Each structure stands twice: as C-alpha cells, then as structure tokens.
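The values are calculated or read from the model by the stated rules, or taken from the named source; none is laboratory data. From a predicted model like this one, the values you see are computed outputs, not experimental measurements. Because the Cβ atoms are built from the backbone with ideal geometry, glycine has one as well, and the counts that use them run over all protein chains shown. What goes into the accessible areas is simple: the full protein's heavy atoms, side chains included, and nothing from ligands, DNA or RNA. Shrake-Rupley method; radii C 1.70, N 1.55, O 1.52, S 1.80 Å.
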Amino acid sequence: MTLVNDKLASLFPAHIAQLQKTARTALTRENLEGLVIHSGQELKAFLDDNSYPFRVNPHFKYWLPLTEVTNSWLVINGEDKPTLIYYQPVDFWHKVTPLPESYWNEFFDIKVLSKATEVDQLLPYDKKGYAYIGEHLEVARALGFENINPEPLVNYFHYHRAYKTPYEQECLRQSNRLAVLGHLAAKKAFLNGDTEFDIQNAYLKAVGCTTNDTPYGNIVALNRNCSILHYTALDKVAPQNHQSFLIDAGAQFNGYASDITRTYSFRRDKFAELITRMDQLMLKAVDGLKPGLSYVDLHINTHREIAKVLREFNLITVDADTAVASGVVSSFFPHGLGHHLGLQTHDVGGFMADERGTHVNAPQEHPFLRTSRVIETGQVFTIEPGLYFIDSLLADLKVSSNSDQVNWQNIEELRPFGGIRIEDNIIVHQSHNENMTRDLGLS
C-alpha cells in the first residue's frame, strides 16, 4: 500500500486545487461567501437506542478520504485553506477514531472538536453568506443557517462531479482491485458448491470488509434467483444442483465505489455459451463509449444487439429489428445499460445537460436508463447489459399479442438458470477507454 499512498499523495494537490476552483466559481455565481459541509450524524432506529449503519455525506468525502467520522464539518470558500472540524470525542462506550496522519492533512486547517454540541464555536459566526450542505436540516436550522442545500449550488457540484480528477480515478482503480479479489473468491466458492450465504462470506473475507462497508448490498444469486435483479436474500441452504451463479458486488476505497457483475455456469452447457456471447456483447458496448456520443444511443444500440443474441440462440422467432420494434426485447433486458460511478454507486449528474441542472429525460421506451448525458473525457461509467428469464415479465409476454415471437420451448430450457448480467467499470479517456475491471484480470 505504500506505493498506492505515494501515488495518491502525488495526485491529491491537483484534486484539491480543482475542487477549490469549482467551489469558488459556484460561490461567486450564487453570491455566497462559503460552504459548510456536514459529514452527517448517526440515525437512531425508531423506538430504539441503536443506530443505522453510518453513511457519510458524499459532498464531504469528495474533499478528503474520511468515510466513518460523524459530526465533522468542512468550511470552504474556494480561496483559503479549507477548515476541517474533526469530531474526536472522549468516549468509553465506543472506539474513537483518532485523527489520521496522512497525505491530505497539510491541505486543511484542522480543528479538533470533542463535544458535538459545541461545534458552533468553530463555525463562522455570521452564517448569512454560507450555505449548509448536508442531510440534517434541523441541525442546520438550529445553528442559524438560512441557505440549506440551495438547488443551483448543489446542481453545479453534481454536474462537475461527473468529471473525475486523476486522484479520483486512482481511487476507483483501487476500489476495483479490492472488488476483483472478492469476485475471484466468490467464483471459487460457487464452483465448490457453497451456499449463497457462504459465497457472500467468502467475498467479504477476500475484500476485508463487512456488509456495512460495501457500497451497496451485494447480489449473490444461484440458479433461478439470478433472475431477480436486486436479489439480496442469501439462502443458507444449498440448492439441489448448482446451475448458475450471478454476483453483483463492489468495494469502497477512500469513499469511491466499484460495481462489478459476473455470471457463471456450473457446467459447459448452452447457458455457458450464452454467457460467452453476452460477454462479447458487453465488450462491444464498452468500445462504444466515445467522447461526444450519447449514452442513450449506446443503450439503444446495445438493446438491438441483445435482440440479435436472442435470435442467434433461437429464443425468439423473429429478426432483431422486429423484436425491438415490438418491445419483446425489454422483457429480457428490462434495465439500463449502466450509470455514472464514483463517490456513489449510481453517481449523480447523469441526467444533467448543463451546470444549471437542466434535466434530460430517458426515452419513454427505456425508462430505467440511469443516464441521458453525452459521454465525455474524464467520466466513469458502468457497462452492464443483461439477459434474463424473469417469471413475471415472461408471464405478461406470453399472454400478449407478441407471444408468437418467442420460442417458448427454448425459454423453458433456460429459465432455471435465471439470467445473465456482466458489468465492468470504465474510465473514458480522450484516446481510449480504460477498463479497470479487465485490466485487473477478471475475465
């Protein structure tokens, strides 16, 4: 990790400089003096004294790699060194995270806060010119903030978060590295005949994290469960026969998420051939990520490519164009091609046409697409085409006027396998696409 930290240390100054520039421009536009970004605080479960797992404000971890500290604050004006108010209580009930010494410390004026209720002594006295960015509106109001998450300001930051600095790109590479370790361990556990629960544990052990540390709830599905798009049940009993395995799981590094999916067949069979073909299709879609092109167009083109696969495997009785026109393909591929990736798994700014936040809707025929934005250099995407045999969608298709476009006998043969999704994480460069996932050897 020394080499990684050295690289991050070399990239961090430019990252902070870019964020300072963005903040100054945004504040000037909105005639504001500064920002106050709240890391967040624990949320108690209803009628309980236990808290939900803490998730830091993404605007906070944008500036520095602190993802577990509650009740901490950043004060930023885009010109002076940002102030970090770091909460370090005296507490014998819980482990207190001491202020780390790292490459980023010198870029902040650090003040230690021992009592959360005394933060107002360290915040700006006159808050009229400051905007509060955070989740806890009642805290902001109690402290005297009037500008709370102003939409034009937040839109400006969300729009620019789509462009990842070299520092952010390195963090994303490292989050992919961790996730790949987990995926390799999970594949081995599947081939050993383990349960979904045991496969999940193998993944977490390889990554070195708990379920609370992953960027989203891992999808670990065997056989028919592969058809449930957000399956998180984790069966503790092994199926009678292992047929297929779909894992959609990521990791976090310095607050940046990876989001990787693989599908495997237990044997060399027709489903394995279908996986291989879908993998080729996925890599072709990756090649289509080019600056200046529309992500919507890439999704639509991939939709048509999936129709071709359905025809090649004799799962439909009509040509690809007919299947697309009739809408049959959507029964097998009901979600979008992918999304922006970064501080959040489904990162912000995907539907913004400009810095003002002008919204560009997804096409009516593809309502689940998660981005409508033009592809540009410095953006990071997932590419995740799928082909599924979903009971409810197939049932609707079978009683529709398009039922005769489907080879139902072949569908029934593959229905027990559930479905296929393959997903890589891609940085768009001017001259090429960097497939972080494949570069780490996960085929």
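The table below gives the values:
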item: Check on Leu84, within 20 Å of Glu118 (Cβ to Cβ) and either in contact with a Leu (Cβ under 7 Å, 6 or more places away or on another chain) or not assigned by the TED database to the domain that holds Phe253 (or both); result: yes
item: Residue among Ser326, Ser258 that alone is of a type in the set (Gly, Ala, Ser) and farther than 26 Å from Tyr167 by Cα; result: Ser326
item: Among (1) surrounded by fewer than 19 Cβ atoms within 10 Å (Cβ to Cβ); (2) of a type in the set (Phe, Trp, Tyr); (3) part of a helix (DSSP H, G or I) - the single one Phe12 does not satisfy; result: (1)
item: Filtered residues of region 16-42 (kept if among the hydrophobic types (A, V, I, L, M, F, W, C) and loosely packed, with under 14 Cβ neighbours inside 10 Å); result: Ala17
item: Members of region 44-57 found to be touching a residue at least 60 places away in the same chain (Cβ under 8 Å) and either farther than 27 Å from Tyr125 by Cβ or not assigned by the TED database to the domain that holds Asp80 (or both), listed by number; result: Pro53
item: Single match in Gly357, Gly419 (criterion: among the small types (Gly, Ala, Ser) and either buried (at least 19 other Cβ atoms within 10 Å of the Cβ) or modelled with pLDDT of 95 or more (or both)); result: Gly419
item: Region 367-405, residues that are of a type outside the set (A, V, I, L, M, F, W, C) and over 20 Å from the mean Cα position of the chain (by Cα); result: Tyr388, Asp391, Ser392, Asp396, Lys398, Ser400, Ser401, Asn402, Ser403, Asp404, Gln405
item: Tally, over region 15-43, of residues that are aliphatic (A, V, I, L, M), part of a helix (DSSP H, G or I) and in contact (Cβ under 8 Å) with a residue 24 or more places away in the chain; result: 5
item: Single condition Phe46 does not satisfy, out of (1) buried (at least 20 other Cβ atoms within 10 Å of the Cβ); (2) among the aromatic types (Phe, Trp, Tyr); (3) more than 12 Å from Ile133 (Cβ to Cβ); (4) over 24 Å from the mean Cα position of the chain (by Cα); result: (1)
item: Test: Asn407 is of a type outside the set (Gly, Ala, Ser), out of contact with any Pro (no Cβ under 6 Å at 6 or more places or on another chain) and modelled with pLDDT of 95 or more; result: yes
item: Region 76-97: number of residues that are more than 30 Å from the chain's Cα centre (by Cα), hydrophobic (A, V, I, L, M, F, W, C) and within 21 Å of Asp120 (Cβ to Cβ); result: 1
item: Residue match in region 332-350 (condition: open to solvent by 30 Å² or more (accessible area, probe 1.4 Å) and without any contact (Cβ under 8 Å) to a residue 24 or more places away in the chain); result: no
item: Positions within region 104-123 being assigned to a loop (DSSP other than H, G, I, E, B) and surrounded by fewer than 17 Cβ atoms within 10 Å (Cβ to Cβ), in sequence order; result: Ser114, Lys115, Leu122
item: Residue in region 192-216 that is most open to solvent (accessible area, probe 1.4 Å), counting only those that are part of a helix (DSSP H, G or I) and in contact (Cβ under 8 Å) with a residue 40 or more places away in the chain; result: Val207
item: Residues (open to solvent by less than 20 Å² (accessible area, probe 1.4 Å) and part of a helix (DSSP H, G or I)) located in region 397-416; result: Leu397, Ile411, Leu414
item: Residue satisfying all of: in region 252-268; under 22 Å from Thr195 (Cβ atoms) and in a loop (DSSP other than H, G, I, E, B); most open to solvent (accessible area, probe 1.4 Å) among these; result: Arg267
item: Enumeration of residues in region 395-430 that are in contact with a strand residue (DSSP E or B) (Cβ under 8 Å, 6 or more places away or on another chain) and aliphatic (A, V, I, L, M); result: Leu397, Val406, Ile420, Ile422, Ile426, Ile427, Val428
item: Tally, over region 367-396, of residues that are in a loop (DSSP other than H, G, I, E, B) and either outside the structural domain of Ile247 (by the TED database) or open to solvent by 30 Å² or more (accessible area, probe 1.4 Å) (or both); result: 5
